[in-house]
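One structure below.
Quick note: the coordinates plus some simple rules give every number you see, no bench work behind them. None of these values were measured; they are calculated from a predicted model. Glycine also receives a Cβ, built like all others from the backbone with ideal geometry; neighbour counts cover every protein chain displayed.
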Amino acid sequence: MHPTPIEPAFENGGRVSVLRDAGHPPREIDDAHVIQQSLRLPDRFSVLYDRYFMEIHRYVGGRLGTQTADDLTAEVFLAAFRGRAGFDGRRGVVRGWLYGIATNIIAQHRKSESRRLEILQRTPQQDVVEAGHEDLVAHRMSALDLRGHLAAALNAISDADRDVLLLVAIAELSYEEVAQALGIPAGTVGSRLNRARKKLRAALGGAHPMLGDSDG
């Protein structure tokens, strides 16, 4: 296992990375309880950093590329640390809250995501080195040669629909978790997801991106 710089020192809002093995720390301590502890002992927030860094990094990297994922994932956790007093466990779980922060930060880089998709739709499959969300969606398809068309289709759907689609496709969140992350009703999650699926299938000539088996 390769060491990864994932442990911060959160005292006074600072962050100092050290090398340690990537992995998931024990889950015996409830996430929301860790948030409460961190209000008194800021370094306790590093438990959540260790616990969720890799999956948040994967989500950010899938949408914007791994070259920018390190900095932006660190930004996600710094924003979470600074806003931790506002976390309300009655409105959802810490994991969904973190994905909401990540999606908000990604929204500040819409142009970068759009440019990336435009490049990928013109790039032959064998020349794509860096895996991104078009790969993560494409691997669920039976026809991988539709990569370019898929990137174009993803780029053509609305930002709001794409957020929902990729929170399900990459992060594998439930409707309830997506609703929490985006601050929208679960019913709206369903309608946006169904609309995105239909548009993808239409753009791909009926090919199913394997992001759910029904539109209902």
Open item on the list: Quick check: residue separation of E172 and S158 times 0.36 nm, minus the Cα distance between them. What number comes out in nm?
Closed with: 3.1 nm
- [ ] Which order do the peptides 40-49, 82-91 take when ranked by the mean count of other beta-carbon atoms within 10 Å per residue, highest first?
- [x] 40-49, 82-91
Open item on the list: Starting from 0.36 nm per residue, how many nanometres of slack lie between D88 and H33 once their C-alpha separation is accounted for?
Closed with: 18.7 nm
Task: Projected label distance in nm at Q67 and A186, using a 7 Å step from Cα toward the beta-carbon - done: 4.1 nm
Open item on the list: What distance in nm lies between label points placed 7 Å from Cα along the C-beta direction at R110 and A79?
Closed with: 1.5 nm
TODO: List, in order, the whole-Hz ³J(HN,Hα) value for each residue of the range 184-200 obtained from phi through the Karplus relation with A = 6.51, B = -1.76, C = 1.60 and θ = phi - 60°; use x for Gly and Pro.
DONE: 10, x, 4, x, 5, 4, x, 5, 5, 5, 4, 5, 5, 4, 4, 5, 5
Task: Volume in Å³ per residue [convex hull over Cα atoms, computed for the range 49-101] - done: 69 Å³
